[in-house]
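Written below as structure tokens is the structure these notes are about.
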Amino acid sequence: MKELRSIVAVALLTLAIPVFAQTASAPAPAPGVAWSSMSAEQQQLLRSYAGQWQGLPPERQAALARGSQRWIAMPPEQRALARDRFQQWRALPPQQRALLRDRLERFRSLPPNEQNIVRENFHRFQSLPPDQRRNLRQRWQQATPAERQKMVARVRARRMTHNAAPRRPGMTR
């Protein structure tokens, strides 16, 4: 009986090792931001959180503190644009906000080189005349999934040919 208990104890300890290993290797939570450590300007911006600051999760405190620093550093024109964008965001229906959050997560999960390609394509699209942008949007919206795949494949093939083309001295892309 004593031997059986020893075997069971060893088995239980063996099974518990992964649990202890996970606990030990878990990353430490982000440190909270003390209200008193923020500048008077930051505290003024975040005054609506003053009463509940200590109860906020440390990650939320850190994010709010970083955001307030960025806001303070912005020139007035940039603040006005940010205010406008925030109002537009708040006016969106919850489903559309969720869709946009999902798209942002998908974008962030891309490797850096693919993120750059998406940014370049976006800037190229934005530089087109409004009529051409409208036509491209309509074509995309009216296309079937199969047609969309073909469109994307053509653009990728063009990009590959463009990037593979030998460069002549003095030419830039």
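Computed from the coordinates by the stated procedures, all read-outs in this text should not be read as laboratory data. Given the structure is predicted, the values throughout are model-derived calculations rather than measurements. Methodologically, a virtual Cβ is constructed for each residue, glycine included, from the backbone with ideal geometry; neighbour enumeration extends over all protein chains shown.
Using a Förster distance of 30 angstrom, determine the FRET efficiency expected from the C-beta separation of LEU92 and PHE122, and round it to 0.05. If you can, show how the numbers build up before the last one.
Details: r = 19 Å, r/R0 = 0.64.
My answer for the efficiency is 0.95.
Roughly how many nanometres apart are two label points built 7 Å out from the Cα toward the Cβ at GLN69 and ASP131?
Distance between the two pseudo-spin positions: 4.9 nm.
Work the Kirkwood hydrodynamic radius out for region 32-173: mean of 1/r over every pair of different alpha-carbon atoms, inverted, in Å. Spell out each step's value before the answer.
On the way: mean 1/r = 0.0505 Å⁻¹.
By the Kirkwood definition, the hydrodynamic radius is 19.8 Å.
Figure the gain on full extension for ARG47 and ARG60 (residue separation times 0.36 nm, minus the Cα-Cα span) and round it to one decimal in nm.
3.2 nm
At 0.36 nm per residue, minus the direct Cα-Cα distance, what do ALA82 and PHE107 gain on full extension? Give it in nm, one decimal, please.
6.9 nm
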